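Here's the structure we're looking at; comments come further down.
The values are calculated or read from the model by the stated rules, or taken from the named source; none is laboratory data. The shown structure was predicted, so the numbers you read here are calculated from the model rather than taken from an experiment. All Cβ positions, even for glycine, are placed from backbone atoms using ideal geometry, and neighbour counts span all protein chains on display.
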């Protein structure tokens, strides 16, 4: 039996009397593209914070690749193969695109500053890895530009590259398409679909066209609780999901049969 990349066992997070997440259990298979969706206030971002270690679980357990990391600090989870993007930019806007990647690579290696005594081969490897990542996310020609000079969509692309620079086994994308135009969303969709197969991807996103275009498995939250998990087709057909979103069963317009726009595949 394959060990799940991520397993949640009865995870809850309470803020006083507010039960933001309550007794949530599900698993994420290695290499999958797993979406977490739900109406506003469903607890999606709080759940991501519990997985990443930003918030401590009130009850329950979080297992990463079979290891219990419930009491493990956020930076230690990064060292164990977890990376995350955020709803709001976490880039260093005055640094160049390449420098943002270098800082992420150093953070992954447990360093906080450059050293003039670091072996040149190591420096060269970091630079080459950075160039490959920028090429993957479509920013190869922007490496020397300041991050603050990038468009909103390009900053999102850079944030994915920064997360990948941490060499994650599990990548959490928290509303990556927020504020994007249709063309930027299409580029992001292509980027997510063409991420390395060895990287497991979890995504929280309100744009259901994007979600149904990239996810092979989905989990739906409602009022902080786990409602259903399954394939996109199973979730689309679920009366419980339809009711949670619109409060009625007559929801033929909620999930189109083929919601994803045509997205070009990466050239080999």
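Here is how the numbers come out for the structure above:
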{"quantity": "Any hit, segment 78-92, residues being within 23 Å of residue 141 (Cβ to Cβ), part of a strand (DSSP E or B) and touching a residue at least 60 places away in the same chain (Cβ under 8 Å)", "calculated": "yes"}
{"quantity": "Enumeration of residues in segment 196-229 that are over 22 Å from residue 179 (Cβ atoms) and out of contact with any strand residue (DSSP E or B) (no Cβ under 6 Å at 6 or more places or on another chain)", "calculated": "196, 197, 198, 221, 222, 223"}
{"quantity": "Exclusive hit being closer than 20 Å to residue 78 by Cβ and more than 16 Å from the chain's Cα centre (by Cα), set 141, 129, 145, 174", "calculated": "129"}
{"quantity": "Subset of segment 57-75 that is surrounded by 13 or more Cβ atoms within 10 Å (Cβ to Cβ) and in a loop (DSSP other than H, G, I, E, B) - its residue that is farthest from the chain's Cα centre (by Cα)", "calculated": "58"}
{"quantity": "Qualifying residue in segment 224-241 (condition: surrounded by fewer than 22 Cβ atoms within 10 Å (Cβ to Cβ), assigned to a loop (DSSP other than H, G, I, E, B), more than 13 Å from the chain's Cα centre (by Cα) and in the same structural domain as residue 3 (by TED's automatic domain parsing))", "calculated": "yes"}
